[in-house]
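Here the structure is laid out as structure tokens; the discussion comes afterwards.
The values are calculated or read from the model by the stated rules, or taken from the named source; none is laboratory data. Bear in mind the structure is a predicted one, so any value in this text is a computation, not a measurement. A quick note on method: Cβ atoms are made from the backbone with ideal geometry, for glycine too, and the neighbour counts reach across all protein chains shown.
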Amino acid sequence: MTNKLTPEKIEEAARHYENITSGKTPILEKDKGLLKEQQPILDSQAQPIVDKQIKDMHDYLKKKDQNSYPLIPPTDPRLLMRIAPYTDDMLKEFKIEDRKELSKKMYASMVKYGGIGLSANQVGLPFRMFVMGGHPQIEDGKVRNCFNPLVNDVSPETVVMKEGCLSFPFLFLSIKRPKWVNVKYTDENGETIDEYLHGMSARIFQHENEHMNGYVFTDLVSKMKLDRAKKAQSKLVKQTIRTQQQRLRNEVKIKV
């Protein structure tokens, strides 16, 4: 789940927009249980610019950044599969020492991409685990590392709010969710936590927990609402490109 959109966040998101904007790899979305192809949202002139930025950033993340994980594209099947229960012995295969190391890198990844929630399968890891929090205005920045999360109960009252997702940069959807939830999980120390979450924390937990079951937030809205949101998404991408082009021109002028 993403934080409030700012020009800086838009530029950062543009860098990992690979496979969403690529004409070579069509966007896939779930439609009544099936996957169907969608046309790229960018025009032919804008496409190469974003593609180059994305490739450069992904290459950097994969080769240089050892303290966090790069996001996988939303078309990757790992993002759309139900995840098996987590056990600590799973970490060895991925050369991760323990829950604390995984939690630390997951949190670093979430912060780098400007999020307030990130699931392990969003970075290609097959762990039933997510990290959430860290925003100073949400529970004073409290961070939760949730392993094998469960939602035990939800409120009858619901609230509609705009949501984003790090796997779908620039895309924002109005989602109806329960106001509070009773949840259970184990933390980075292996301790069992059973608590009630309210407001934004409840919403983030629900959003990330859906990733554990292979669902993404585009599954929760009608095709009409999704198409409308994608049009707004396209405008944000093009606006970002114009902003970056202007910044490059300004940098050239300064150097000259």
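From GLU97, GLU139, grab the single residue that is within 23 Å of HIS198 (Cβ to Cβ), of a type in the set (D, E, K, R) and either surrounded by fewer than 24 Cβ atoms within 10 Å (Cβ to Cβ) or within 11 Å of the chain's Cα centre (by Cα) (or both). Working first, answer last.
Details: GLU97 fails: within 23 Å of HIS198 (Cβ to Cβ).
Going through GLU97, GLU139 in turn, just one is within 23 Å of HIS198 (Cβ to Cβ), of a type in the set (D, E, K, R) and either surrounded by fewer than 24 Cβ atoms within 10 Å (Cβ to Cβ) or within 11 Å of the chain's Cα centre (by Cα) (or both): GLU139.
Residue-wise test of (1) closer than 28 Å to LYS230 by Cα; (2) among the aromatic types (Phe, Trp, Tyr); (3) modelled with pLDDT under 95; (4) touching a strand residue (DSSP E or B) at 6+ places or on another chain (Cβ under 9 Å).
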| site | (1), (2), (3), (4) |
| --- | --- |
| LYS105 | no, no, no, no |
| TYR113 | yes, yes, yes, yes |
| LYS142 | no, no, no, yes |
| ASN145 | no, no, no, yes |
| ASN148 | no, no, no, yes |
| VAL181 | no, no, no, yes |
Here are some conditions: (1) outside any helix (DSSP H, G or I); (2) of a type in the set (Asp, Glu); (3) closer than 19 Å to ASP76 by Cβ. GLU195 meets all but one. Which one does it not meet? (3)
Odd one out for HIS207 among (1) closer than 30 Å to GLU97 by Cβ; (2) more than 19 Å from the chain's Cα centre (by Cα): (2)
Across region 127-179, the tally of residues that are part of a loop (DSSP other than H, G, I, E, B), without any contact (Cβ under 8 Å) to a residue 60 or more places away in the chain and farther than 23 Å from ALA108 by Cβ stands at 4
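Residues are listed down the side, and each one gets a yes or a no for (1) surrounded by 13 or more Cβ atoms within 10 Å (Cβ to Cβ); (2) assigned to a helix (DSSP H, G or I):
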site	(1), (2)
PHE205	yes, yes
TYR215	yes, no
GLN233	yes, yes
LYS238	yes, yes
GLN244	yes, yes
LEU248	no, yes
Qualifying positions in region 205-256 - touching a strand residue (DSSP E or B) at 6+ places or on another chain (Cβ under 7 Å), more than 17 Å from GLN122 (Cβ to Cβ) and of a type in the set (Val, Ile, Thr): VAL221
Quick one: which of SER155, SER119, SER103, SER109 is polar (S, T, N, Q) and over 19 Å from the mean Cα position of the chain (by Cα)? SER155
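So, GLU191, is that one of a type in the set (Asp, Glu), within 29 Å of GLN137 (Cβ to Cβ) and buried (at least 17 other Cβ atoms within 10 Å of the Cβ) or not?
On the way: of a type in the set (Asp, Glu): yes; within 29 Å of GLN137 (Cβ to Cβ): yes; buried (at least 17 other Cβ atoms within 10 Å of the Cβ): no.
No.
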